[in-house]
Amino acid sequence: MDVLRTTRLRDLDIAHVIHPLTNWREHVTLGPVIIAEGRGATVIDTGGRTYIDGSACLWNVNVGHGRAELADIAAAQMKRLAYSPLFTSLSHEPAISLAAKLARITPGDLGATLFASGGSEANDTAFKLVRYYWRLKGRPDRVKIIARYGGYHGLTIAATAATGIPAFWERFQPLAPGFLHVSAPNPRAMGASPSECTRRCAEELEQTLEREGPETVAAFIAEPVQGTGGVVVPPEDYLPRMYEVCHRHGVLCIADEVITGFGRLGSLFGVEQWGVVPDIMVVAKGITSGYFPLAAVILRTPLFEELRDLAPNAPFMHGFTYSGHPVGCAVALGNIEILERERLPDNAARVGGILLDALRASLADHPLVGEVRGRGLMAGVEVVRDRGSNTKFPAEQAVGRRVAREAVERGVLFRPLPGDVIAMSPPLVLTDAQAGQMVDALRGALDATLDSLARAAAL
């Protein structure tokens, strides 16, 4: 694409596109990186420059860019049946086939699916479902949702209240009532061993339930690995212990697998690595690898059967226009087939190990790096002002954003998270060589940021 065309698009973007999670004033000055096409683990901008997509866009392009077979599947479905709803007992083959497929591949007895368009919608749906369940059981006071500090569950009204990251809600208050938060399982932040971290988290959950009254709590929601909250990998005994506490008090467990589902951690679903089966699993992003907006709320079969038995002689009054969109469901089936055929979760485990080892080796002595953590192809590098004390930079310095901008200049797109964590979640087709390029680009970006901070006497 010629320079004049790119300049014209830049001007139109600044004038007319409202960008989410973007500093609008900074955007006017710097302008957008305009992506024109993608291939595998790379994207190409309108100037012809190629970048490694170090974030799989928004954690979601699991099978990589440029999968023509998914475009062909979408086109064929559009020609056959572009749209039909699932309301009032209407159905269609793509939704039926996808729900059956999800029942086969999800852990344990998860077996009944309610579709949505994205993770925020799906988590809102899960919250409504658990409240609906307790009301049908004659327990209408069980409405509270316990989430975690640092957890991210979306940005609709209820999902925002569940999200435990102030940057996402402090300017949008008041929040929806009925949401509580407990500590994240971050041993480094706690200054504790993994086993002590688990003990403290379980004790805090017990104390929260005692304080609020378990008879008022509907569910506990947790990501297997916290994503936007800093790529926090829990101790091995954490999820089993938290689920045990919840079930002992009759509290339902919701696994938010919006990011971790469909191979990201090296297994098809994240909870498999901790040996737990949630009452409800929420998936999105990787279900279609971003080729079509789709999400799913998957219930354990006994829970759905109980709901159905409890239901009054009236319709279930929840759903969305595009719940179970036939094109989205067809694309999801094709996407899952690629994940399975190419064994991409296995590649995530193998290349993810290479990436984490290389990051730790390259950044072990870097003055700006407090910790490297991750699992599979999901990693986070925590940027700090002082390694010894784990002191963070003031938020207004936006050091994480500065590192990410430097990485763009070195041909890799990373996502800076609140708290100055550089997130990495590339497509699961990432090669060993591309993993090495990511590490080199990040080291260079950190070095350049360190130099600029030193020159500005900002260390």
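The values are calculated or read from the model by the stated rules, or taken from the named source; none is laboratory data. Values in this document were obtained by computation on a predicted structure and should not be read as measured data. With ideal geometry, Cβ positions are generated from the backbone for all residues, glycine too; neighbour counts draw on all protein chains shown.
Points to keep in mind about this one:
- Filtered residues of the range 24-76 (kept if free of Cβ contacts under 8 Å to residues at least 24 places away in the same chain and assigned to a loop (DSSP other than H, G, I, E, B)): Gly31, Pro32
- Of the candidates Phe269, Phe262, Phe220, the single residue that is crowded, with 24+ Cβ neighbours inside 10 Å, more than 27 Å from Leu70 (Cα to Cα) and of a type in the set (Phe, Trp, Tyr) is Phe220.
- Test: residue in the range 323-337 that is in contact with a Gly (Cβ under 7 Å, 6 or more places away or on another chain) and either surrounded by 15 or more Cβ atoms within 10 Å (Cβ to Cβ) or small (Gly, Ala, Ser) (or both): no
- Restricting attention to the range 344-367, the residues that are more than 21 Å from the chain's Cα centre (by Cα) and of a type in the set (Lys, Arg) add up to 1.
- Helices (runs of 4 or more DSSP H) enclosed by the range 151-213 - at least 2 residues per element that are within 19 Å of Val225 (Cα to Cα), within 22 Å of the chain's Cα centre (by Cα) and modelled with pLDDT of 95 or more: 157-162
- Test for Leu355: is it part of a loop (DSSP other than H, G, I, E, B), within 28 Å of Val61 (Cβ to Cβ), touching a strand residue (DSSP E or B) at 6+ places or on another chain (Cβ under 9 Å) and not basic (Lys, Arg): no
- Any hit, the range 305-324, residues being among the basic types (Lys, Arg) and in contact with an Asp or Glu (Cβ under 9 Å, 6 or more places away or on another chain): no
- Restricting attention to the range 355-400, the residues that are acidic (Asp, Glu) and either free of Cβ contacts under 8 Å to residues at least 60 places away in the same chain or in contact with a Phe, Trp or Tyr (Cβ under 9 Å, 6 or more places away or on another chain) (or both) add up to 4.
- Residue check, Arg39 at pLDDT 95 or above, farther than 23 Å from Thr288 by Cβ and either outside the structural domain of Gly118 (by TED's automatic domain parsing) or more than 26 Å from the chain's Cα centre (by Cα) (or both): no
- Yes/no for Arg131 being assigned by TED's automatic domain parsing to the domain that holds His318 and assigned to a helix (DSSP H, G or I): yes
- Scanning the range 71-98 for residues that are acidic (Asp, Glu) and surrounded by 13 or more Cβ atoms within 10 Å (Cβ to Cβ) yields a single hit, Glu93.
- In the range 103-128, the residues that are surrounded by 23 or more Cβ atoms within 10 Å (Cβ to Cβ) and assigned to a loop (DSSP other than H, G, I, E, B): Thr106
- Restricting attention to the range 414-447, the residues being of a type in the set (A, V, I, L, M, F, W, C) and part of a loop (DSSP other than H, G, I, E, B) number 4.
- Considering Phe127, Phe115, the condition of being over 21 Å from Gly263 (Cβ atoms), at pLDDT 95 or above and either out of contact with any Lys or Arg (no Cβ under 7 Å at 6 or more places or on another chain) or not polar (S, T, N, Q) (or both) is satisfied by Phe127 alone.
- Per-region count, the range 277-302, residues buried (at least 20 other Cβ atoms within 10 Å of the Cβ) and more than 16 Å from Leu98 (Cβ to Cβ): 5
- Residue list for the range 377-410, filter: surrounded by fewer than 23 Cβ atoms within 10 Å (Cβ to Cβ), in a loop (DSSP other than H, G, I, E, B) and of a type in the set (A, V, I, L, M, F, W, C): Val384, Phe393, Ala398
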